[in-house]
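Colleague: Quick one: the structure is below, questions incoming.
The values are calculated or read from the model by the stated rules, or taken from the named source; none is laboratory data. Please read all numbers here as calculations on a predicted model, not as lab measurements. So basically every Cβ, Gly included, is an ideal-geometry build from the backbone, and we count neighbours across all protein chains shown.
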Amino acid sequence: MSKIQILFCASEVSPYAKTGGLADVAGALPEALRKLGCDVRIFMPLYRSAREKLKALKPLAEDSPIPIGIHDYHVHILRTLTPAGIPLYLLEKDEFFDRSHLYGTPAHGDYEDNAERFIAFSRAVHTLCVRLHWYPSIFHLHDWQTALVAAYHRLNWRYDPNFIHSGTVFTIHNLAYQGVFPADYFSLTQLPPDVFSFRGMEFWGQCNFLKAGLVYSDMLTTVSPRYSQEIQASEFGCGMDGLLRDRHNSLVGILNGIDCEEWNTEADPYLPARYSMDDLEGKRACKEVLLSDLGFPEGSRRKPLLGMISRMAAQKGFDLMGEILDNLMDLPVSLVILGTGDAAIEKSLKEMESSFPDRLRILTAFDEALAHRIEAGADIFLMPSRYEPCGLNQMYSLRYGTVPVVHATGGLEDSVVDAVQNPDTGTGFKFADYEPFAFLGSIQAALDLYRNRDKWREIQRRGMGQDFSWTRSAGQYLNIYKNVLARKPKRPSPIPPA
């Protein structure tokens, strides 16, 4: 069988442009798929951040017209290779992408021309394939920014024999972000008029880009099995639960992987000491150095250190944290929180820090090195997210022997085994009800077990032995690609009448 050809279409790809987990997936999954024998390539916008990181760009297509509404925008497509040797193509249109942020600024919110920007990107996918004379077996699309590719593929490209055997897989990284625009923006897509309907991409009188991906893709995936179930219910369905229930036979959840080379306790350059599941002595040294660097008193070395690394937003459970922080500080623990986000949350936490200077550190920054050191130095990691499509920090924590306490939702439910209910197989602690004292109770359960050093070492080693590599996830995606291609027609559709 010939290689499956896959084009990843993503609005952000790590390390070139990133706001969240989407970039990590688009950066790591292609390499894992290539190791399984696939011909994988990546297409993304040429943002300012990407241009600064990529110096060896070569032209592929210049001054290519992209129709948006009644206008043609001329774009360039450039090419290079990732360090892993994956072909990377970038859409150059400085008017759209040479900006300080990817989708909007903290001060002014989303960019007003986001619809035009990502219509251009979606339409340029066809231009890229034609120019390369390379027609993917699978277009793997990610979130609302690339969802229109599914509609163009289904409705515009189906009469082209080069595309008739290809399929589309659409991955939902966070259903809450949908790309919703006023109705007049629909004309910019140049899709058939009946697409702007209840059965297409119309949503309460507006134009919903993500809905186009949900309706027109051959297969839908989410970034964890539990999240694929949660979004079919009204609480987490964000208005799309009915549509997702209708498509439940085409919806699969695949837990994201992590970069096991970057997150490796035996080779992490950010750590003051290395360790493994067979020799945890270095973890104690990591804790002592971290406590010293953060200015905690000498006595804190004998207490469990709790860590939290997160965007500071209500979704991430900071409302629960605010409710229990006084109670938590009454316990014999130290706590460090690293992250940035909502100004009101940052201010509230900083005020709490001044009340507990010997037990609490709030670090409002993005610091990759410090994130690694907290994952290694903490004893317990807190992740009380209201909802979490996948989550990565709980996997980093498990790999680093740092026992997670998580809300049983999304990927947190799928990746952590509760040690209270499953004492022989548990890897962490979970609370089901999203309320403050359920969260506090799980922390207390972790602290109770922490006192039993032998049991604690067992739970650490079980966590460190889990397989969260991208190889596991890539194998599941490969099966989905094969299932999509098995259902494609064996001969071209007829050319429509003029």
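Colleague: Any residue in the range 278-285 that is closer than 25 Å to R472 by Cβ, surrounded by fewer than 16 Cβ atoms within 10 Å (Cβ to Cβ) and among the acidic types (D, E)?
Modeller: The answer is yes, given that some residue of the range 278-285 is closer than 25 Å to R472 by Cβ, surrounded by fewer than 16 Cβ atoms within 10 Å (Cβ to Cβ) and among the acidic types (D, E).
Colleague: Quick one: would you say R34 is at pLDDT 95 or above and closer than 20 Å to R123 by Cβ? Give the derivation first.
Modeller: Details: at pLDDT 95 or above: yes; closer than 20 Å to R123 by Cβ: no.
Taking the combined requirement at face value, the residue does not satisfy it.
Colleague: Okay, moving on. Could you check how many residues of the range 109-158 are assigned to a strand (DSSP E or B) and surrounded by 22 or more Cβ atoms within 10 Å (Cβ to Cβ)?
Modeller: So in the range 109-158, the residues assigned to a strand (DSSP E or B) come out as 109-110, 138-142.
Filter once more, keeping what is surrounded by 22 or more Cβ atoms within 10 Å (Cβ to Cβ): 138-142.
Within the range 109-158, residues that are assigned to a strand (DSSP E or B) and surrounded by 22 or more Cβ atoms within 10 Å (Cβ to Cβ) number 5.
Let's see how each residue does on (1) assigned to a loop (DSSP other than H, G, I, E, B); (2) surrounded by fewer than 19 Cβ atoms within 10 Å (Cβ to Cβ); (3) at pLDDT below 95; (4) not assigned by TED's automatic domain parsing to the domain that holds A438:
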{"site": "D268", "(1), (2), (3), (4)": "yes, no, no, yes"}
{"site": "K287", "(1), (2), (3), (4)": "no, no, no, no"}
{"site": "L291", "(1), (2), (3), (4)": "no, no, no, no"}
{"site": "G295", "(1), (2), (3), (4)": "yes, yes, no, no"}
{"site": "L325", "(1), (2), (3), (4)": "no, no, no, no"}
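Colleague: Here is a check on your reading of the model: is L306 surrounded by 22 or more Cβ atoms within 10 Å (Cβ to Cβ) and assigned by TED's automatic domain parsing to the domain that holds L398? Break it down stepwise before answering.
Modeller: On the way: surrounded by 22 or more Cβ atoms within 10 Å (Cβ to Cβ): yes; assigned by TED's automatic domain parsing to the domain that holds L398: yes.
Criteria met by L306.
Colleague: Shifting gears a bit: Can you report the number of residues in the range 426-475 which are more than 25 Å from R302 (Cβ to Cβ), surrounded by fewer than 20 Cβ atoms within 10 Å (Cβ to Cβ) and free of Cβ contacts under 8 Å to residues at least 60 places away in the same chain?
Modeller: So the count comes out to 4.
Colleague: Among the residues of the range 47-90 satisfying the criterion of being under 13 Å from L128 (Cβ atoms) and under 22 Å from the mean Cα position of the chain (by Cα), which is surrounded by the fewest Cβ atoms within 10 Å (Cβ to Cβ)?
Modeller: Going through the qualifying residues, I end up with P87.
Colleague: Could you tell me which numbered condition I345 fails, if it satisfies all but one of (1) hydrophobic (A, V, I, L, M, F, W, C); (2) at pLDDT 95 or above; (3) in a helix (DSSP H, G or I)?
Modeller: (2)
Colleague: Right, here's the next one. With the structure loaded, tell me whether F181 is assigned by TED's automatic domain parsing to the domain that holds G253 and either touching an Asp or Glu at 6+ places or on another chain (Cβ under 9 Å) or under 17 Å from T127 (Cβ atoms) (or both) or whether it fails that test. Explain how you work it out, then say what you get.
Modeller: Values: assigned by TED's automatic domain parsing to the domain that holds G253: yes; either touching an Asp or Glu at 6+ places or on another chain (Cβ under 9 Å) or under 17 Å from T127 (Cβ atoms) (or both): no.
When the stated conditions are applied, F181 does not pass them.
Colleague: May I pose another question? Which residue pairs have Cβ atoms under 7 Å apart, sit 6 or more places apart or on different chains, and have a first residue in the range 347-363 that is of a type in the set (F, W, Y) and a second that is assigned to a helix (DSSP H, G or I)?
Modeller: From the range 347-363, the pairs are F356/M329.
Colleague: I'm checking my understanding of the structure. Among residues of the range 277-305 that are closer than 21 Å to Q444 by Cα and among the charged types (D, E, K, R), which one is nearest to the chain's Cα centre (by Cα)?
Modeller: The extreme case among them is K287.
Colleague: Limited to the range 213-267, what total is found for residues that are among the aliphatic types (A, V, I, L, M), touching a Gly at 6+ places or on another chain (Cβ under 7 Å) and farther than 19 Å from V416 by Cβ? Step through it out loud before you land on a result.
Modeller: Of the range 213-267, the ones among the aliphatic types (A, V, I, L, M) are 214-215, 219-220, 223, 231, 233, 240, 243-244, 251-252, 254-255, 258, 267.
Next cut, touching a Gly at 6+ places or on another chain (Cβ under 7 Å) only: 215, 223, 231, 244, 255.
Filter again for farther than 19 Å from V416 by Cβ, leaving 215, 231, 244.
Summing the residues that are among the aliphatic types (A, V, I, L, M), touching a Gly at 6+ places or on another chain (Cβ under 7 Å) and farther than 19 Å from V416 by Cβ in the range 213-267 gives 3.
Colleague: Also, I was wondering about something else. Determine, yes or no, whether A273 is closer than 18 Å to M464 by Cβ, part of a loop (DSSP other than H, G, I, E, B), touching a residue at least 12 places away in the same chain (Cβ under 8 Å) and among the small types (G, A, S). Even if it seems obvious, please write down each step before you answer.
Modeller: Details: closer than 18 Å to M464 by Cβ: yes; part of a loop (DSSP other than H, G, I, E, B): yes; touching a residue at least 12 places away in the same chain (Cβ under 8 Å): yes; among the small types (G, A, S): yes.
So A273 passes the test.
Colleague: Tell me whether the range 208-224 contains one or more residues that are touching a helix residue (DSSP H, G or I) at 6+ places or on another chain (Cβ under 7 Å), of a type outside the set (D, E) and surrounded by fewer than 19 Cβ atoms within 10 Å (Cβ to Cβ).
Modeller: no
Colleague: Same structure again: What about F97, is it touching a residue at least 24 places away in the same chain (Cβ under 8 Å) and touching a Pro at 6+ places or on another chain (Cβ under 6 Å)? I'd like the intermediate steps shown before the answer.
Modeller: Working: touching a residue at least 24 places away in the same chain (Cβ under 8 Å): yes; touching a Pro at 6+ places or on another chain (Cβ under 6 Å): yes.
Against the criterion (touching a residue at least 24 places away in the same chain (Cβ under 8 Å) and touching a Pro at 6+ places or on another chain (Cβ under 6 Å)), F97 qualifies.
Colleague: I would also like to ask the following. For residues that are assigned to a loop (DSSP other than H, G, I, E, B) and over 10 Å from L382 (Cα atoms), tally how many sit in the range 297-322.
Modeller: We begin by selecting, within the range 297-322, every residue assigned to a loop (DSSP other than H, G, I, E, B); these are 297, 303-304, 310-311, 313, 317.
Next, from what is left, pick out any that are over 10 Å from L382 (Cα atoms): 297, 303-304, 311, 313.
The number of residues fulfilling the criteria is 5.
Colleague: Can you pull out every residue in the range 131-166 that is at pLDDT below 95 and among the aliphatic types (A, V, I, L, M)?
Modeller: I164, the sole residue that qualifies.
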